[in-house]
1. Among what's in the range B:75-112 and is out of contact with any helix residue (DSSP H, G or I) (no Cβ under 9 Å at 6 or more places or on another chain) and under 18 Å from B:Gly213 (Cα atoms), pick the residue that is nearest to the other protein chains (Cβ to nearest Cβ).
2. Can you report the number of residues in the range B:1-41 which are exposed (fewer than 13 other Cβ atoms within 10 Å of the Cβ), modelled with pLDDT of 80 or more and more than 10 Å from chain A (Cβ to nearest Cβ)?
3. Collect the residues in the range B:119-141 that are open to solvent by 30 Å² or more (accessible area, probe 1.4 Å) and over 30 Å from A:His8 (Cβ atoms), keeping them in residue-number order.
4. Any residue in the range B:85-102 that's among the aliphatic types (A, V, I, L, M): show its pairings with residues that are part of a loop (DSSP other than H, G, I, E, B) and open to solvent by less than 10 Å² (accessible area, probe 1.4 Å) at Cβ separation under 8 Å, as long as the two are six or more apart or on different chains.
5. Going residue by residue through the range B:245-253, is there one that turns out to be of a type outside the set (Phe, Trp, Tyr) and either open to solvent by less than 20 Å² (accessible area, probe 1.4 Å) or within 25 Å of B:Gly133 (Cβ to Cβ) (or both)?
6. Does any residue of the range A:101-122 turn out to be polar (S, T, N, Q), touching a residue at least 40 places away in the same chain (Cβ under 8 Å) and more than 9 Å from every other protein chain (Cβ to nearest Cβ)?
7. So B:Ala55 fits all but one of (1) assigned to a loop (DSSP other than H, G, I, E, B); (2) under 16 Å from B:Gln238 (Cβ atoms); what number is the exception?
Amino acid sequence: MYSNEGRHYTQVNFGYRYSRWQYNIDDKTLHPLQMGIFTTRTLDYKAYFLESPSQYPEKNYYDETRLRWGFEFGSALTFWSTRFELAYLVRIIDSGLVAVLNNSNKDLQYYISSGVSLRYRFE
Amino acid sequence: MKILGLLLTFLITSSCAPFRDSPFSDQLIRKDRELNSANHHKLNALNTGTKIKIAIFADSHQNYKDLDRVVFRINQSDVDFVVGLGDFTNSGYNLEYDQFLDSYVRINKPTFTVLGNHDAIGAGPSLFRKVFGPVNYYFEWNSYRFILFHSANWENPEEFNSSWLKQTVDESNFPIIIFTHASLRDPERYFEKDAINFDEVIKNAKVKMVINGHNHVYWLGNDNNTTLLQSPRVEQTQWLQLEIENNQALIKQMATGEATSISLKN
C-alpha cells in the first residue's frame with residue numbers, strides 16, 4: 001500500500017530471490033545474503049499506465065509508468081518450521097539505476113530504499 | 001570470512017537506504033518545501049537596478065551530469081535569479097523529484113520552477129505542489145510581473161487554467177514576462193477557449209515576452225510584437241541568459257556564446 005494526496009493505493013510486487021548460504025540456528029534458518037530481482041506494479045490505473053492514454057497523440061508518447069523492476073538484496077530469518085520469514089531488504093529500481101549511471105553526485109539515499117517484510121512460505 | 005565480508009558490505013550499504021514506501025507515492029526523502037515562494041522572499045531582499053538578468057534552463061529530464069554543469073556555470077554568473085522551465089523528470093516519480101532537488105538546491109541564486117508535462121504525470125502534481133508550491137504562481141520584482149504558468153493540460157487537467165493566466169495578465173500594473181513549459185501557441189494541445197485566451201494574452205500590450213521549453217531546441221520569434229523565446233534542453237550544457245534594460249533584451253546562448261539583441265514592445 002502507498003498513499004498519494006492522502007488516498008491509499010495498492011501495489012503488487014513479484015520477486016525471485018536466491019540464497020547462496022544458510023545457517024541453522026535451533027529451529028530457525030538464517031539466510032545472510034539473499035539476492036534477487038523484483039517487479040512492482042500499481043493498481044492505480046488512473047494516474048499510471050502501460051500505454052499512454054487516449055488524450056495523447058501516440059501510444060508511446062510517454063514510457064509506461066505503471067510497472068517498474070529492480071534488484072534487491074538482504075537478509076532473512078525463517079522460523080516456525082520455515083513457514084514464516086522475516087527479512088530486511090535493500091532495493092534499487094530501474095529508474096534509480098539510470099540515475100546512478102547519469103549522475104555525478106551519487107548520493108545513494110535517493111537511489112536505494114530499504115524495507116522489512118514478513119512472508120509466509122507456501123511449500 | 002567471506003560471509004562476514006558480504007554481511008559487512010550489506011550492513012554498510014543498507015545504512016544508506018532510507019525507507020520509501022513506493023516509487024508511485026508522493027513521499028519525498030528531501031524536506032524542501034514551497035521553494036517558489038521562499039525564493040520570492042530571497043529575491044525581494046536583493047537590490048534592484050535598471051537591468052534584470054535571468055538565467056533560464058529547461059528539460060533536464062534525467063540528464064543530471066549536464067544539469068550539474070549548468071548549475072556550476074549559473075553559480076559563477078551574476079544573474080539576479082534563475083528559472084527552470086520544467087521537465088526535470090521523465091515520469092514524475094518521487095525519486096526523480098528528490099534527485100533533481102539534489103542539484104537544484106545547489107543553485108546559489110533565487111530560483112523558480114515551472115511544472116513540465118513529464119513532471120505532471122503520476123504523483124507529479126502532488127509532488128510539485130509539495131516542493132515548489134502552487135502550479136500557477138506569479139511574483140513582482142523590479143517593476144515587472146513574472147508569471148510561472150502550468151501548461152500541462154493533458155497531464156494535469158484539474159489544475160490547468162488558461163483563464164487564470166489571462167486574469168493574471170489583465171490585472172497586472174507592470175509589464176509581464178511569462179515562463180511556461182509548453183508554448184502557448186502549441187497547436188496540438190490548445191484549442192477553442194484555451195487558444196483564444198492564450199491569443200489574448202500574447203497580444204496584451206503588457207506582455208513583453210513568453211518563454212517556454214518543451215521542444216528541446218533554441219528558438220526566437222515574434223508574435224504580435226510579443227517576443228517568444230524557446231530554451232534548449234540542458235544537454236551539452238545549454239542554458240540562456242536574458243538581460244532586460246530599458247525595453248531592450250539581450251539573449252545569450254551560453255553554450256555557444258551567440259547573443260541576440262532585440263527591442264521589446266512598448
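The values are calculated or read from the model by the stated rules, or taken from the named source; none is laboratory data. These figures come from a predicted structure and were not determined experimentally. Methodologically, a virtual Cβ is constructed for each residue, glycine included, from the backbone with ideal geometry; neighbour enumeration extends over all protein chains shown. To get the accessible areas, we keep the full protein, side chains included, count just its heavy atoms, and leave off ligands, DNA and RNA. Shrake-Rupley method; radii C 1.70, N 1.55, O 1.52, S 1.80 Å.
1. Going through the qualifying residues, I end up with B:Leu85.
2. 2
3. B:Tyr138, B:Glu140
4. Every condition considered, the pairs that remain are B:Leu85/B:Ala58; B:Leu85/B:Asp59; B:Leu85/B:Val114; B:Leu85/B:Gly116; B:Leu85/B:His181; B:Leu85/B:Gly213; B:Leu85/B:Ser231; B:Leu95/A:Tyr111.
5. Scanning the range B:245-253 turns up at least one residue that is of a type outside the set (Phe, Trp, Tyr) and either open to solvent by less than 20 Å² (accessible area, probe 1.4 Å) or within 25 Å of B:Gly133 (Cβ to Cβ) (or both).
6. No, there is no match, as no residue in the range A:101-122 is polar (S, T, N, Q), touching a residue at least 40 places away in the same chain (Cβ under 8 Å) and more than 9 Å from every other protein chain (Cβ to nearest Cβ).
7. Every listed condition holds for B:Ala55 apart from (1).
One line per residue, one yes/no per condition, for (1) open to solvent by less than 70 Å² (accessible area, probe 1.4 Å); (2) in a strand (DSSP E or B); (3) without any contact (Cβ under 8 Å) to a residue 60 or more places away in the chain:
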position	(1), (2), (3)
B:Glu200	no, no, yes
B:Gly221	yes, yes, yes
B:Gln241	yes, yes, no
B:Thr260	yes, yes, yes
B:Lys265	yes, no, no
